[in-house]
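Since the structure comes first, as structure tokens, the remarks are kept for the end.
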Amino acid sequence: QVQLLESGGGLVQPGGSLRLSCAASGSIFSINDMGWYRQAPGKRRDLVADITSAGSTDYTDSVKGRFTISRDNAKHTVYLQMNTLEPEDTAVYYCYAAIKSNGSPYFRGVWGQGTQVTVSS
């Protein structure tokens, strides 16, 4: 059984910073893309940033220059450094990873449980 465990959410004032972490555990053979999505109340879940196993990154326009995604392949962990946070960044943030388990020929999408980020004064 493979799972993702997120940490690092919380309440922060506008202009502040937070760092989210997401660690994969279980019977893992390989991890392809990893990423962060977010979902605000009443809205759909949208991609924030993703990173390939080779380190190529992509960001949604609204976070470019403020957020940085990175990963530690040895630790099966992905990070999201969020700077200059705005109230519009308030959402539940979900980690995602495409994981091939030991003995499986396929990559399977796995989601974390979500962590709340609230930006408010």
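Accessible area per residue of the range 1-70 at 1.4 Å probe, in Å²? Could you put the intermediate results ahead of the total?
Working: 3860 Å² over 70 residues.
Heavy-atom SASA per residue in the range 1-70 reads 55 Å².
Can you give me the three principal axis dimensions of the range 1-69 from its C-alpha atoms, in Å, biggest first?
Cα spread of the range 1-69 along its principal axes, largest to smallest: 40, 24, 24 Å.
Which aspartates and glutamates does LYS64 reach when only Cα atoms under 20 Å apart count, and residues fewer than 8 places away in its own chain are ignored?
ASP33, ASP46, ASP50, GLU86, GLU88, ASP89
Relative to the compact-globule scaling 2.2 N^0.38 Å, provide the ratio for the alpha-carbon radius of gyration of the range 39-121.
Details: Rg = 14.2 Å, N = 83, 2.2 N^0.38 = 11.8 Å.
Dividing the Cα radius of gyration by 2.2 N^0.38 Å gives 1.20.
What is the Cα centroid distance between the range 5-23 and the range 48-68, reported in whole angstrom?
The two parts, judged by their Cα centres, are 16 Å apart.
Projected onto the charge dipole of the range 1-110 (+1 at Lys/Arg Cβ, -1 at Asp/Glu Cβ, origin at the Cα centre), which of CYS22, SER62, GLN81 gives the Cα projection farthest towards the positive end?
Value: CYS22.
LYS100: which lysines have alpha carbons under 18 Å from its alpha carbon, excluding same-chain residues fewer than 8 sequence positions away?
LYS75
The values are calculated or read from the model by the stated rules, or taken from the named source; none is laboratory data. These numbers were taken from a predicted model, which means no experiment stands behind them. Heads up, the Cβs are rebuilt from the backbone with ideal geometry, glycines too, and the neighbour counts pull from every protein chain shown. Heads up: the accessible areas ignore ligands, DNA and RNA and are worked out on the full protein's heavy atoms, side chains in. Shrake-Rupley method; radii C 1.70, N 1.55, O 1.52, S 1.80 Å.
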